[in-house]
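Scroll down for the structure; my scribbles are underneath it.
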Amino acid sequence: MTDEAQTTAADGEDRANGDAAVYGAFNLEAEIARFPPDPESVARHRAETLVKTEALRVVLVSILAGGTLQEHMAPAPLTVHVVRGALRLRVGERTAELHAGELLAIAPDTSYAIDGIADGAFLMTIADLSHTPATGGK
């Protein structure tokens, strides 16, 4: 990645920098700071889609302690990677506590819900294997 692309990523502007081979480049700490969850909201979380293509979606979710992502059905294989803080991930009948640096992968058509244990953020990456990935970003 060029110095210009690295600077652009840090600034949160034009992340792909015109490079068709790059879907996006992000400074996660800067993105988390730009989109904090509203502590007055019922859900106590906020989601920002960083990358969205036919075959791949990467969503940054910031969540406060006590925040909840209600039960969803995994539309495709997905991962939850905790970047900061801690959360409780309920997958079907199982529960896992994840902390910064930990990742859990979920099979498609699986029910899951997420509860914030400590203020933090996580990346949710969803792969749609029914599509052939495009050769470039955006």
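The values are calculated or read from the model by the stated rules, or taken from the named source; none is laboratory data. The model shown is predicted, which means the values in this text are computed figures rather than measured ones. Reconstructed Cβ throughout: ideal geometry from the backbone, glycine too, with neighbour counts over all protein chains shown.
Odds and ends about this structure:
- Within the range 104-130, the set of residues being over 23 Å from Arg34 (Cα atoms) and either surrounded by fewer than 13 Cβ atoms within 10 Å (Cβ to Cβ) or under 17 Å from the mean Cα position of the chain (by Cα) (or both) comprises Leu104, Ala105, Ile106, Ala107, Pro108, Asp109, Tyr112, Ala113, Ala127, Asp128, Leu129, Ser130.
- Flag if Arg44 is modelled with pLDDT under 95 and among the charged types (D, E, K, R): yes
- Yes/no for Leu50 being more than 17 Å from Ile114 (Cβ to Cβ), modelled with pLDDT under 95 and aliphatic (A, V, I, L, M): no
- Residues in the range 28-47 that are crowded, with 17+ Cβ neighbours inside 10 Å and closer than 18 Å to Ala118 by Cα: Ile32, Pro37, Arg44, His45, Arg46.
- Residue satisfying all of: in the range 41-58; hydrophobic (A, V, I, L, M, F, W, C) and not in a strand (DSSP E or B); nearest to Asn27 (Cα to Cα) among these: Ala55
- Condition met for Val61 (closer than 17 Å to Ile32 by Cβ, of a type outside the set (S, T, N, Q) and free of Cβ contacts under 8 Å to residues at least 60 places away in the same chain): no
- Close Cβ contacts (under 9 Å, 6 or more residues apart or on different chains) running from residues in the range 18-40 that are in contact (Cβ under 8 Å) with a residue 12 or more places away in the chain to residues that are surrounded by fewer than 17 Cβ atoms within 10 Å (Cβ to Cβ) and of a type in the set (Val, Ile, Thr) comprise Asp19/Thr2; Ala20/Thr135; Ala21/Thr135; Tyr23/Thr53.
- Filter pass, Ser62 being of a type in the set (S, T, N, Q), at negative phi, surrounded by 15 or more Cβ atoms within 10 Å (Cβ to Cβ) and touching a strand residue (DSSP E or B) at 6+ places or on another chain (Cβ under 8 Å): yes
- Out of Phe35, Phe26, one residue alone is modelled with pLDDT under 90 and under 16 Å from the mean Cα position of the chain (by Cα). It is Phe35.
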